[in-house]
Each structure stands twice: as C-alpha cells, then as structure tokens.
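Working notes, beginning with the structure itself.
The values are calculated or read from the model by the stated rules, or taken from the named source; none is laboratory data. All of these numbers come straight from a predicted model, not from anything done at the bench. When we count neighbours, we look across all protein chains shown, and the Cβ atoms used for this are built from the backbone with ideal geometry, even at glycine.
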Amino acid sequence: MGDEEAFFQEVKGLESEVEVLEYRHGKSKQFSAFKMPGMKKVVNVTLKKGLFSGDTKLFEWYNSNRMNRPDRRTVTISLLNEKHEAEMVWTLLNAFPMKIESTDFNAEQSAVAVETLIIAHEDMIISIP
C-alpha cells in the first residue's frame, strides 16, 4: 500500500467486468443488436488480517482521508508460493480506504481479533511476474 507492506489472511473482490453496450443502427438488416464492450467496472476489495498490538498502519491510512482529498495509493496484492515468490500480482490504482472494521469482542470466546479494510479503487491490472 504505497510504501507500506502488510500480510493478509484473506482477500476478496479481485473482480473486474466490462459493461456490454447494445447498438443497432436504423438500416441494419440484422434483427438483433450489435454488442460492444463499454466501460470497465471494478469491485471494492476487502482485506482481512490479524489485529496486533501497536500495528496501526491500516487505521492511520484510513484516518488520513479527508473529504475530497483521499490519500490515494497504488496497492499491490501478490499471491505468494511456499518460497514467498510472487506467482500472480494484482495492482489497484488510485486506491483509498473506505471502511475499516474490527472483530466483535466477546469475553466468553477466545477468537483471534481480525481487522478488515475495504478499499475503493479506479482500475486493476493483473500480471504474472
């Protein structure tokens, strides 16, 4: 996330789709519409990781956002193999945090505290290193 590095246990929303535009001009002899690709649409990405004492990087990024002046960053998500080498890379462009959430706490359970960050972004590039 910019110059910051973090490790996550779960990533959701690495999705992109293209809007389909239908068109048929008036003199066409074809009785169905032509289909053409339109604008690309990306989904917000959800990141989850364990919450540790003193680890405030995600909250600080979220808290740095101001109305009409988000702290936009390039976010690189790498799928690592057992040797910690990148197998596939997703790059989120102009990303900023839109929601941060912590685990509900219950003294009767011994669950791991999990931090969730939802990121909005404008484009996604998928590559293989």
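When region 1-50 is filtered for residues that are at pLDDT below 95 and among the polar types (S, T, N, Q), the ones remaining, listed by number, are GLN9, SER16, SER28, GLN30, SER32.
Residues of region 79-129 that are among the basic types (Lys, Arg) and under 16 Å from GLU10 (Cβ atoms): LYS99 alone.
One residue alone among ALA6, ALA86 is within 30 Å of ILE128 (Cβ to Cβ), small (Gly, Ala, Ser) and touching a Pro at 6+ places or on another chain (Cβ under 7 Å), and that residue is ALA86. Under the condition of being under 10 Å from ILE118 (Cβ atoms) and among the polar types (S, T, N, Q), the residues counted in region 32-51 number 2.
Screening region 10-51 for residues that are within 28 Å of ILE125 (Cα to Cα) and among the hydroxyl-bearing types (Ser, Thr, Tyr) and picking the one that is surrounded by the most Cβ atoms within 10 Å (Cβ to Cβ) gives THR46.
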